[in-house]
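Q: Got a structure for you, written out below as structure tokens; questions coming shortly.
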Amino acid sequence: MKTKKLLQGFLIVACTCAIRPSNAQDVSINITPLQTEILNKTIGEVEVVICNEDPDPITAPANNLRPLISFSDNLTITEVVNPDGSPLTNFTIQELTNDPENHNLRLLYTADLANPECVTFRIRFQGNTVGNGFITSTLGFENGQLPGNDPSNDNSGTTTLVLVNLPVTLKEFNAEAEGKVTQLNWATTEETNSDHFDVQRSQDGKHWTTFQTVAAQGESTVLKTYEAVDNDPFNGENLYRLHMIDKDGTSAYSSIRNVKFEFEPTVLFPNPASDYVTIKAVDWAKVKEVEIMDANGREVYHSGNKPVAKLNVTAFAAGIYTVHVKATNGAVNKYKIAVAR
């Protein structure tokens, strides 16, 4: 009977060993961004940590742990290093690609990973397009997943936001009326690869035109000042902004400044008219062209690019007409006249 009990105990131990073989292990992977956001065309880093978390003191064998780290297309992988920035050790790079829809880094860990130890490395990447950058890590196995591994901790993900990289650091931007023109000036405290400034104007905040382009310093870490003049502002509200453009095409806009002018209004006389209508403008040189439309919206007169102040309306039928006076700055003012017979 004693011999039978000893034999049963031996079988229980043997069965326990068979259930959990000596090469079983549970290994996890986690990825953490070192910057939650980066500027476009600059470098960011993520830290990847692989840990042997098995409850038993079992070593994960060499040449089996095979992490895959995938990046969205707006992040370009540049290099992988040790946490101190030195060249990567104990890993073989099996794949490093930056092809469309395939920004991947696949490594093979070539050393044993004892329990309960971790191995850490960092991946450097560059933002190439503004937007959310998605990064995922998956722990694979060169020779197939080993018994005892928990697949729930074999995946990890994070994001790094890629922001617009302003070509300049704008310290100030001012616009003021001086007589009949607008004086604009601005200053930068830092410029990196900046190319030029487009100085823009709008009447409604929706439609903008560039009336002057100013070359940028390019590279600077000291205060630089610039100026521009709008010699042909609108009568009424004038909105101004800077379009700051980098040499690689990256651009950004400044905040908007508002300047208001109250010029002497344009007058049409006589009204009603029977033979001629005279347009009295403050500065005729700023009148680009004149159109007259009848009550049905049909054009009955067009000056071309050589407008005259005195219009002959003797051939017009009696009725109401709309005169469009287009200025050189793009403004269009409309006036109603009556032709009497």
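Q: Need pairs with beta-carbon distance below 8 Å; first residue farther than 27 Å from ALA111 by Cα and in contact (Cβ under 8 Å) with a residue 12 or more places away in the chain and within region 25-52, second among the charged types (D, E, K, R) and part of a strand (DSSP E or B); sequence gap 6+ or separate chains.
A: Between residues of region 25-52 that are farther than 27 Å from ALA111 by Cα and in contact (Cβ under 8 Å) with a residue 12 or more places away in the chain and residues that are among the charged types (D, E, K, R) and part of a strand (DSSP E or B), the close pairs are GLN35/GLU45; ILE43/ARG124; GLY44/ARG124.
Q: Consider region 228-287. How many of its residues are out of contact with any Lys or Arg (no Cβ under 8 Å at 6 or more places or on another chain), of a type in the set (D, E, K, R) and either at pLDDT 90 or above or assigned to a strand (DSSP E or B) (or both)?
A: 4
Q: Residues of region 156-179 being over 23 Å from the mean Cα position of the chain (by Cα), surrounded by 15 or more Cβ atoms within 10 Å (Cβ to Cβ) and not hydrophobic (A, V, I, L, M, F, W, C), which ones?
A: Listed by number, the list holds a single entry, SER156.
Q: While we're here: Read through the list (1) among the β-branched types (Val, Ile, Thr); (2) surrounded by fewer than 19 Cβ atoms within 10 Å (Cβ to Cβ); (3) within 36 Å of the chain's Cα centre (by Cα), then give the number of the only condition that ILE50 fails.
A: (2)
Q: I'd like the full set of residues that are part of a strand (DSSP E or B) and either in contact with a helix residue (DSSP H, G or I) (Cβ under 9 Å, 6 or more places away or on another chain) or loosely packed, with under 15 Cβ neighbours inside 10 Å (or both), limited to region 191-211.
A: THR209, THR210
Q: Anything in region 123-155 that is aliphatic (A, V, I, L, M), more than 21 Å from the chain's Cα centre (by Cα) and at pLDDT 85 or above? List them, or say none.
A: ILE123, LEU139
Q: Ok, one more. What number of residues in region 291-311 are part of a strand (DSSP E or B) and surrounded by 13 or more Cβ atoms within 10 Å (Cβ to Cβ)?
A: Total satisfying the criteria: 6.
Q: Okay, next question. So how many residues does region 68-101 have that are part of a loop (DSSP other than H, G, I, E, B), surrounded by fewer than 12 Cβ atoms within 10 Å (Cβ to Cβ) and acidic (Asp, Glu)?
A: The total comes to 2.
Q: In addition: Kindly establish whether ILE245 is of a type in the set (A, V, I, L, M, F, W, C) and under 25 Å from the mean Cα position of the chain (by Cα).
A: yes
Q: Could you check how many residues of region 213-227 are part of a strand (DSSP E or B), of a type in the set (S, T, N, Q) and modelled with pLDDT under 95?
A: At the first step, the residues of region 213-227 found to be part of a strand (DSSP E or B) are 213-215, 219-220, 224-227.
Then keep just the ones that are of a type in the set (S, T, N, Q); that gives 213, 220, 225.
Remaining after also requiring modelled with pLDDT under 95: 220.
Final tally of qualifying residues: 1.
Q: A further question follows. Can THR188 be described as free of Cβ contacts under 8 Å to residues at least 40 places away in the same chain, buried (at least 16 other Cβ atoms within 10 Å of the Cβ), assigned to a strand (DSSP E or B) and not basic (Lys, Arg)?
A: So THR188 fits the description; yes.
Q: Do the conditions hold for ARG106, that is, is it modelled with pLDDT of 90 or more, under 30 Å from THR189 (Cβ atoms), part of a strand (DSSP E or B) and not aromatic (Phe, Trp, Tyr)?
A: Working: modelled with pLDDT of 90 or more: yes; under 30 Å from THR189 (Cβ atoms): no; part of a strand (DSSP E or B): yes; not aromatic (Phe, Trp, Tyr): yes.
Answer is no for this residue.
Q: Then there's this: Please indicate, with yes or no, whether at least one residue in region 153-164 is outside any strand (DSSP E or B), closer than 16 Å to ARG66 by Cα and not basic (Lys, Arg).
A: Within region 153-164, one or more residues are outside any strand (DSSP E or B), closer than 16 Å to ARG66 by Cα and not basic (Lys, Arg).
The values are calculated or read from the model by the stated rules, or taken from the named source; none is laboratory data. Note that the structure is predicted; figures quoted are calculated from it, not measured. Note that each Cβ is placed from the backbone with ideal geometry, even for glycine, and that neighbours are counted across all protein chains shown.
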